[in-house]
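Input: a single structure, listed below in structure tokens.
The values are calculated or read from the model by the stated rules, or taken from the named source; none is laboratory data. Computed from a predicted model, the values in this text were never measured in an experiment. Methodologically, a virtual Cβ is constructed for each residue, glycine included, from the backbone with ideal geometry; neighbour enumeration extends over all protein chains shown.
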Amino acid sequence: MALVGGVGCRVLHMDAMYDGWDGLPEVHTQLATLLPPLAEGRPGRYRVYDWRLGRYRRTVEVPPVPLLVLEGVGSGHPAYDALSTLLVWLEAPLALRRERALARDGDDFAPHWEAWAASEGEVLARDRTRDRADLRLDTTDVAVSPEAG
């Protein structure tokens, strides 16, 4: 757990929760065992996907924290709006997002980009994520390190 302004904070990355390259549309099911228990002050859980093995390999227990940040596509599912404090939409043109993804994940991601982008578009439209966002940030001119998600 990290401290942000003296407040206990935990960042969880959605890419640990996807059920492989085709798992984005149903990743919100992982949030059912994570967010409601945390909102009640109990530990939440999610399964961690092993991209090399092609399957889930373990379950992570997350203790309650004052601030939880979910990072990644699918983190803003509308079923959990009542448990969300702030939904942030990061915007960039598709070509730039592709460039950033391939710089980060390289050859592992390249053969899956088109299918992933299509699935991402469907999920974001289904969930109306951009419309529901409390804050929208244009990241076109933001320098992103290859390690960043």
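Values for this structure:
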{"quantity": "Members of the stretch 22-59 found to be among the acidic types (Asp, Glu) and out of contact with any helix residue (DSSP H, G or I) (no Cβ under 9 Å at 6 or more places or on another chain), listed by number", "calculated": "GLU26, GLU40, ASP50"}
{"quantity": "Within the stretch 100-110, considering residues that are under 18 Å from the mean Cα position of the chain (by Cα) and of a type outside the set (A, V, I, L, M, F, W, C), the one surrounded by the most Cβ atoms within 10 Å (Cβ to Cβ)", "calculated": "ARG100"}
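Per-residue answers, yes or no, for (1) among the acidic types (Asp, Glu); (2) surrounded by 12 or more Cβ atoms within 10 Å (Cβ to Cβ); (3) under 14 Å from the mean Cα position of the chain (by Cα); (4) at pLDDT below 95:
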residue: GLY41; (1), (2), (3), (4): no, no, no, no
residue: ARG55; (1), (2), (3), (4): no, no, no, no
residue: ARG58; (1), (2), (3), (4): no, no, no, no
residue: SER75; (1), (2), (3), (4): no, yes, yes, no
residue: ALA82; (1), (2), (3), (4): no, no, no, no
residue: LEU94; (1), (2), (3), (4): no, no, no, yes
residue: ARG98; (1), (2), (3), (4): no, yes, no, yes
residue: HIS112; (1), (2), (3), (4): no, yes, no, yes
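Rundown of residues vs (1) among the hydrophobic types (A, V, I, L, M, F, W, C); (2) without any contact (Cβ under 8 Å) to a residue 24 or more places away in the chain; (3) not in a helix (DSSP H, G or I), yes/no style:
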| position | (1), (2), (3) |
| --- | --- |
| LEU12 | yes, no, yes |
| ASP19 | no, no, yes |
| ASP22 | no, no, yes |
| ARG47 | no, no, yes |
| PRO64 | no, no, yes |
| LEU68 | yes, no, yes |
| SER75 | no, no, yes |
| ALA79 | yes, no, no |
| ALA82 | yes, yes, no |
